[in-house]
Amino acid sequence: IATRLVAWHLSPRIFFHAAQIMWLVILGVPYTILLGLVLYAVLLSPAAPQTSSENAKLSLHVFLSEVLPGRILGLAAKIFGVDAAHQIDAGMKRILYGRSRFFVGMYMVVVLSAWGTMFVFGYPHIYTDRGGGHADLWPGHKPIGVLVFLACIGSFHAARSSSPGTVTPRSMARYDSYPYDGVLYEPGRLCQTVPGVVRLARSKYDRATRRHVPRFDHYCSFLDNTVGEENYRYFLLFLVVHVGMLWYGTYVMYRIFRAMYYDISEDKGARFLDRRTGTAIVPTASVVLRYLSQRHFVLTMLAVLLAIMGITVGLFLSFHLYIAARGMTTNEWLKWRHYRKWHKRATKDYEEAKAAGLPTEGGTEAGKQGCYVGQSDDAVVGCTGATPLPMAAAGPVVEKKNKEGDCNTGSVRDGKADEGKDARIGKDGTVAPKRHP
């Protein structure tokens with residue numbers, strides 16, 4: 001991009017290059033943000049908040065999502081004042097973790113600009129009067145592309161407008177169809193936010209949409225909608241259509257560049273002129289590809305971005321197909337992943353305490369209360385994982401430790417341990433929750 005900017009500056013075709021810069025901004029900025037968020041969700045997002053300060057220092061996610069924003073807000077407080085820093089922090093939380101049309105608008109900008117680029121710059125290269133052979137493109141790609149575009153917008157509308165379901169006192173019998181495992185879900189527990197609603201198995205109160213959702217999966221910012229029992233199929237349809245669209249677009253772009261490549265390489269008398277030396281260059285494969293990437297820079301960038309987004313969104317779809325095949329939701333996958341990490345850490349702490357001759361019976365008050373082993377029900381579960389602090393947290397999160405064994409480490413809100421998630425160390429040396437799956 002830097003070399004192209006230098007070439008644009010030295011070239012007299014200022015208006016043509018200004019148009020390329022415009023399309024670079026329209027395509028590049030939203031796609032860069034979207035790609036960064038997808039990579040963040042796939043590679044960096046944790047299963048749950050870190051409870052160990054040592055692990056937090058080693059986590060790249062914690063640095064990007066907590067340490068770095070905290071330093072930026074601290075700098076903003078020194079420059080603009082504490083009130084301005086609080087307003088910036090509240091605004092960013094509303095955009096990232098609350099209901100916001102920001103990501104919906106960004107999605108529309110990305111999709112419409114990409115398809116506009118394809119219709120304006122790509123479709124003129126789809127024709128069959130090249131004399132046959134490798135250079136011909138099937139003209140049916142044009143109407144198929146329009147149908148794919150309509151399917152893309154239709155799946156987005158279906159996933160965004162469909163309801164995930166709402167658990168109310170009148171609809172509890174309808175959604176009470178899953179067994180309680182005694183670990184993540186216990187019978188008879190009431191929702192602390194919605195009066196008269198029992199915490200059904202696999203349900204969760206969603207703070208973003210302010211309703212209790214059956215078989216809660218996650219809140220999707222790009223749809224501005226919660227994914228639950230009644231609309232999960234539309235969410236999967238949305239992902240399948242978009243993955244197919246991205247790979248189909250990548251294939252069509254490959255065929256377009258392939259046709260343009262053969263148009264030039266099969267012309268035996270074609271020569272390229274080196275502007276610096278004024279000498280003629282024989283069009284080898286590398287020379288032709290360099291020429292096409294510079295002459296059709298917008299299409300080149302679109303093809304690369306389609307391939308990259310096809311891989312990343314394909315990974316996201318593969319993850320959801322995997323957990324769906326295992327009968328799990330994103331919320332449950334995050335909880336069980338954190339539960340296994342906790343169990344491994346607690347077992348290690350027990351072995352160290354036992355080797356050091358420290359009490360291992362949980363005799364302290366903290367030990368009697370037990371350990372936190374799962375993701376808090378107050379956490380906001382979104383596309384990028386569980387948010388450590390909810391948008392309207394009831395109180396501060398503090399660390400609870402057993403002074404003697406240091407094995408009871410967990411999360412306490414307002415001085416109360418999370419209910420239904422106790423774990424104790426038995427006399428036989430095993431670490432297990434009160435109710436084991």
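Only the coordinates and a few stated rules stand behind these numbers; no lab work does. Values in this document were obtained by computation on a predicted structure and should not be read as measured data. Reconstructed Cβ throughout: ideal geometry from the backbone, glycine too, with neighbour counts over all protein chains shown.
Across q = 0.09, 0.13, 0.14, 0.18 Å⁻¹, the range 209-354 modelled as identical point scatterers on its alpha-carbon atoms has Debye log10 I(q)/I(0) values of -0.55, -0.77, -0.83, -1.06, in the order of the q list. Summary of packing: across the peptides 162-173, 332-343, 220-231, the per-residue average of other C-beta atoms within 10 Å ranks them, highest first, as 220-231, 332-343, 162-173.
Taking 28 Å as the limit for the C-alpha separation, the pairs Lys204/Lys341; Lys78/Lys335; Lys204/Lys348 exceed it in the case of Lys78/Lys335; Lys204/Lys348. Net charge dipole, the range 136-282: roughly 320 debye, given to the nearest 20, about the Cα centre with Cβ charges of +1 for Lys and Arg and -1 for Asp and Glu.
I want the local charge near Val198. Using Cβ-Cβ distances under 9 Å, sum +1 for each Lys or Arg and -1 for each Asp or Glu among the other residues. Cβ neighbours under 9 Å give a net charge of +1. Modelled spin labels at Arg99 and Val287, positioned 7 Å past Cα toward Cβ, are 6.2 nm from each other.
Mean projection of the Cα convex hull over all viewing directions, computed for the range 83-234: 14.9 nm².
Here the range 226-289 was treated as a single set of alpha-carbon atoms; its pair distances binned every 5 Å from 0 give 4, 14, 14, 12, 10, 8, 8, 7, 6, 6, 5, 4, 3, 0 percent. Stretching Leu112 away from Trp138 to a fully extended chain increases their span by 7.0 nm, per 0.36 nm per residue minus the current alpha-carbon distance. For the range 315-363, give the magnitude of the charge dipole about the Cα centre (Cβ charges: +1 Lys/Arg, -1 Asp/Glu; no others), in debye to the nearest 20. For this selection, approximately 200 debye. For the peptides 195-201, 85-91, residues were scored by their other Cβ atoms within 10 Å and the scores averaged per peptide; the highest-first order is 195-201, 85-91.
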